[in-house]
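To start, the structure under review is shown below, and the notes come after it.
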Amino acid sequence: MRFVLLSDFALGLTDDFLPISDEDRLDTLKNAIKDSADADAILIPGNIFTNISPEITDKLNIIFADRNGIDAKIIILLTDEERRMMEELNLDIESADKIFTKDNEPFLLEKDNEKIYFYGSSRKDDIFLTDKTSEDGFHIGLFNLNIEEYAENEIEMKTFFKKLPLDFYALGGINTTKIFKVSGKIIAAYPGHAEAFSAEENSAKYSLNIVTSDDSIYEIKRLPLKSTKFVSLTIDCDNSNLNDIEAMVDESKNSETRLYIRFDGMRNYPIDNFNLEKKYKSVKIDDNSFPTLKQLSSEIETNGMWRDFFDLLNTKQIPEDVDIKELSRMVFCIIKNGSIISEDWICALLNA
């Protein structure tokens, strides 16, 4: 039989600076199912969502019910947190063929002369307790955990796997693809995150295509997912000029790519000069920078007290013992937060 292993879509994830929407994550899931036309089952061991709502559940049910017209069974594991959220909101993914939570009753799939038993539990430690219910067939467990929490090195890893009673473990919970062997036999595999969990996680994403034969794993290979393309850039404004930044932005520009860009340090140019929206599908800006005093004076409406302040700056030489960078940061924070400061404070600050 043939199976597709997917995991960790993180629907409902809220991160203001991660340029991936729930619609993007759902599109990745739909495309993965579409590309599984020859599979007998699609396995999803957890982290389908990090936050749930009736809207997300409805969309999942539509996708799983439709399946792009394919016959593959959909077998899901929910983590403890996913199970708790579903129960609190009285929600259900009824269009899946099997959902494992606390129930470890196996799901049997038969084809020709082959029998595959599937097991799963929201409780991580049940990986040690979930035993075969039959002597015949091939037995696969779905769990969501990080094996490195149980085994820190290769020797401990082998000992860990030798304790496990099932034939193969379809795992979720880490961001990269990993395949484990014991005595030459493939015993477990992670496909890795199907979509990014953070803006820094912008590597290629994969599913695993698994073929069984004669009660063993005959073949396993990773297949690229049509996951969201995005670029993550961090700009050190203290050591970058406009030309440097424009070159970085233009190097990876693509109308199908989403951009996350972070600005740090002190800058002497406006951030809105780069026309980012015209170069990428979408843009998320994480602005931790602050402008020089000269740049700040050109970016804000300098009325009243602040016009007097910048006029004073233009007529006076700032003393050498004043940290210009810290002064710029401080003034920007005060203006940004809408604080009111007195004229006496300004004069004292400049040793006027």
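The values are calculated or read from the model by the stated rules, or taken from the named source; none is laboratory data. All values derive from a computational prediction rather than experimental measurement. As a convention, Cβ positions derive from the backbone with ideal geometry for all residues, glycine included, and neighbour counts pool all protein chains shown.
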Exercise. Does Lys229 satisfy being of a type in the set (D, E, K, R) and more than 28 Å from Glu299 (Cβ to Cβ)?
Worked result: yes
Problem set entry | The one condition in (1) in contact with an Asp or Glu (Cβ under 9 Å, 6 or more places away or on another chain); (2) assigned to a helix (DSSP H, G or I) that Ala32 fails to fulfil | (1)
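Checking the conditions here, which among Leu208, Leu164 is over 23 Å from Arg84 (Cα atoms), under 22 Å from the mean Cα position of the chain (by Cα) and either at pLDDT 90 or above or in a loop (DSSP other than H, G, I, E, B) (or both)? Can you show your working first?
Details: Leu164 fails: under 22 Å from the mean Cα position of the chain (by Cα).
When all the criteria are applied, what remains is Leu208.
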For this session: Please list, ordered by first then second residue, the pairs with beta carbon atoms under 7 Å, 6 or more apart or interchain, first in region 221-233 and on the phi > 0 side of the Ramachandran plot and outside the structural domain of Lys181 (by TED's automatic domain parsing), second modelled with pLDDT of 95 or more and small (Gly, Ala, Ser).
Result: none
For this session: State whether the residues of region 8-21 include one that is free of Cβ contacts under 8 Å to residues at least 40 places away in the same chain, touching a strand residue (DSSP E or B) at 6+ places or on another chain (Cβ under 9 Å) and either closer than 23 Å to Leu109 by Cα or not β-branched (Val, Ile, Thr) (or both).
Result: yes
Exercise. Just wondering, is there one or more residues in region 230-237 that are modelled with pLDDT under 95, closer than 16 Å to Phe9 by Cβ and buried (at least 21 other Cβ atoms within 10 Å of the Cβ)?
Worked result: yes
Exercise. Are any residues in region 126-161 surrounded by fewer than 19 Cβ atoms within 10 Å (Cβ to Cβ), assigned to a loop (DSSP other than H, G, I, E, B) and among the β-branched types (Val, Ile, Thr), and if so, which ones?
Worked result: Thr133
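Could you list all residues from region 225-247 that are part of a helix (DSSP H, G or I) and aliphatic (A, V, I, L, M)?
Leu242, Ile245, Ala247
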Exercise. Within the bounds of region 174-194, is there any residue that is out of contact with any Phe, Trp or Tyr (no Cβ under 8 Å at 6 or more places or on another chain), β-branched (Val, Ile, Thr) and at pLDDT below 90?
Worked result: no
For this session: Considering only residues that are in contact with a helix residue (DSSP H, G or I) (Cβ under 8 Å, 6 or more places away or on another chain) and not in a loop (DSSP other than H, G, I, E, B), look in region 35-52 and name the one that is nearest to Phe9 (Cα to Cα).
Result: Phe49
For this session: Among residues belonging to region 49-62 that are free of Cβ contacts under 8 Å to residues at least 40 places away in the same chain and surrounded by 17 or more Cβ atoms within 10 Å (Cβ to Cβ), point out the one that is nearest to Leu29 (Cα to Cα).
Result: Lys59
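Go through Ser298, Ser339, Ser282 for me and flag whichever is surrounded by fewer than 17 Cβ atoms within 10 Å (Cβ to Cβ), at pLDDT 85 or above and among the small types (Gly, Ala, Ser). Please lay out each step first, then the result.
Details: Ser298 fails: at pLDDT 85 or above; Ser339 fails: at pLDDT 85 or above.
Within the list Ser298, Ser339, Ser282, the selection yields Ser282.
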For this session: Give Ile93, Ile52, Ile63, Ile56 a once-over and let me know the one that is in contact with a Leu (Cβ under 9 Å, 6 or more places away or on another chain) and under 19 Å from Leu142 (Cα atoms).
Result: Ile93
Problem set entry | Ile174 part of a loop (DSSP other than H, G, I, E, B) and either β-branched (Val, Ile, Thr) or farther than 18 Å from Leu77 by Cβ (or both) | yes
Problem set entry | Of all residues making up region 72-87, the number that are touching an Asp or Glu at 6+ places or on another chain (Cβ under 8 Å) and either of a type in the set (Lys, Arg) or not in a helix (DSSP H, G or I) (or both) | 4
